[in-house]
1. If you go through segment 160-180 one residue at a time, do you hit one that is in contact with a His (Cβ under 7 Å, 6 or more places away or on another chain) and either within 18 Å of Ala429 (Cβ to Cβ) or assigned to a helix (DSSP H, G or I) (or both)?
2. Just checking, which of Ala47, Ala82, Ala108 is crowded, with 17+ Cβ neighbours inside 10 Å, assigned to a loop (DSSP other than H, G, I, E, B), hydrophobic (A, V, I, L, M, F, W, C) and touching a Ser or Thr at 6+ places or on another chain (Cβ under 8 Å)?
3. Pick from segment 1-45 the residues that are of a type in the set (S, T, N, Q) and touching a strand residue (DSSP E or B) at 6+ places or on another chain (Cβ under 9 Å): which of them is nearest to Val211 (Cα to Cα)?
4. Any idea how many residues of segment 136-151 are touching a helix residue (DSSP H, G or I) at 6+ places or on another chain (Cβ under 9 Å) and outside any loop (DSSP other than H, G, I, E, B)?
5. Sort out which residues of segment 197-228 are over 18 Å from Gly187 (Cβ atoms) and free of Cβ contacts under 8 Å to residues at least 12 places away in the same chain, and write them in order of number.
6. Across segment 299-324, what is the number of residues that are touching a Leu at 6+ places or on another chain (Cβ under 6 Å) and closer than 28 Å to Phe347 by Cα?
7. Return yes when Val27 is in a strand (DSSP E or B), more than 22 Å from Leu171 (Cβ to Cβ) and either more than 23 Å from the chain's Cα centre (by Cα) or modelled with pLDDT under 85 (or both) and no when it is not.
8. Please name all residue pairs, on different chains or six or more residues apart, with Cβ atoms under 6 Å, provided the first residue is in segment 242-270 and is under 24 Å from Thr354 (Cβ atoms) and the second residue is of a type in the set (Lys, Arg) and exposed (fewer than 15 other Cβ atoms within 10 Å of the Cβ).
Amino acid sequence: MAVTGDTVVWVGQDGPGRALHPEAEVVDLDGAFVAPAFVDAHVHATATGLHLSGLDLTGVRDAGGLLAAVRSAVRPGEVLIAHGWDETTWTSPRLPSRAELNEAAGGAAVYLSRVDVHSALASSALADAASGAEGWSQDGPLTREAHHHIRAAVRAGISAEQRRRAQDAFLTRAAERGIVSVHECAGPDISGEDDLAALLALAAEPGRPEVVAYWGERDALTLAERHGLRGLAGDFFVDGALGSRTAALHEPYTDQPGTTGSRYLDAEAIAEHLVTCTEAGLQAGFHVIGDAGVTEVVRGFQLAEKAVGQRALAARGHRLEHLEMVDADQAALLAGWGVAASMQPQFDALWGGTDGMYAARLGVRAAGLNPFSTLAAKGVVLAFGSDSPVTTLEPWAAVRAAVHHRTAGFGLSARAAFNAHTRGGHRAAGVNDGLTGSLVPGAPAHYAIWEAADLVIATPDSRVQRWSTDPRSRVPALPPLDPGAPLPTCLRTARAGRVLYDVLTPAA
């Protein structure tokens, strides 16, 4: 492959390539392989950066371990922000009481977000500020509006320098994982306008991954214009999350029969937002997980179609985030409206199967979640991501999870899964030129170089490994993706020919 400036200009055999480009700088891959770089279609940059540098609760296995972690990390005068606890993986599901958390915190303000970031444990120094709000609890996790209040208070306590360090850590980690573009899903209840503006300014510096920005709020056209946003989409909440039992269901939760979750938008509000964005030339989009939420979204699209017509609605490429409980009939309707599904395969790897969190929350209904193959078969554009910090910035792990879906028949081929994490992400952001996300002449030079164990490519002309998404190429579609197999290690990431991360070239 030859690159001139920001563009791939030639792809072919090694010998002719050297003859055609005799003055080129040659990078000897020494057995590594080149592939289109990844796109992460759903991230939260600042939260991820804070998680990378802060207290990690993903390894905690009971209430005592969580309290011990808080005691070891709390600092007088500082807000302790930690993330990742998941009681469904604990040896005992009992959560610590607020009194126990206050004792461990020593009076400090402590915010501990659940792995799905739709609920949190908080010490009284923070929790009391949300007293009386919907979702407030005297002793348990804070959800719904109470959680939004607490999260706003936490954001207010983060300094500009702390935020910059977090965002820098996030963008650096993305580049290290072969990611050249991320879709930041911001909003008034997620991160705030100042946070989004700071991230866009940082990403504009040379050598950074691209940030495609979304804002999850209605009636925010002025804000979208002010920041050059791709759309009023992303985490515009129709419902919540299954782990926190706030995703909207038709039937009650199996493990808490007194609730069917929460629905924040009805079909009329969804339709109004779709029409507004369609007429303004913006993408609209919604966070939707539960089956009742998906039903409401489909009704909203039907109402919007009556207002603007199917062709205009489909032309904007509106998007849905997560879309976990969707059936084949709904998928066919969504495809007709040109909808892109921004989905997270690692959700299934973490919580799917007959013994995971999905089964605990939903019983037999869990078998229908995250039907990647159904959506693809109906023509819905798939764009994979992490929802980081909910799951890690590990795109190869996401590709593997999509291939080895824990429900038989719902997985994808390795080639289709990889495409959903590369070309699909560009398409979901409105780039549908047929080139971007591929390594062909004329395409933007968005690529990554990978070292992979047990990768053997039978190419008689050269030891340089070549990679292709074309099944006619007669080279392997992907490195080994068997469960437990080592995943590829990134050696270089380049966006439009500019190197973002590199361990191939020795420092001068």
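1. yes
2. Criteria check complete, one pass: Ala108.
3. By that ranking, first place goes to Thr7.
4. Going through segment 136-151 one residue at a time, the tally reaches 7.
5. Ala201, Ala204, Glu205
6. Number satisfying all stated conditions: 1.
7. Here the answer is no, as Val27 does not meet what is asked.
8. Cβ pairs passing all conditions: none.
The values are calculated or read from the model by the stated rules, or taken from the named source; none is laboratory data. No experiment lies behind these values; they were computed from the predicted model shown. Cβ sites come from the backbone with ideal geometry, for glycine too, and all protein chains shown count toward neighbours.
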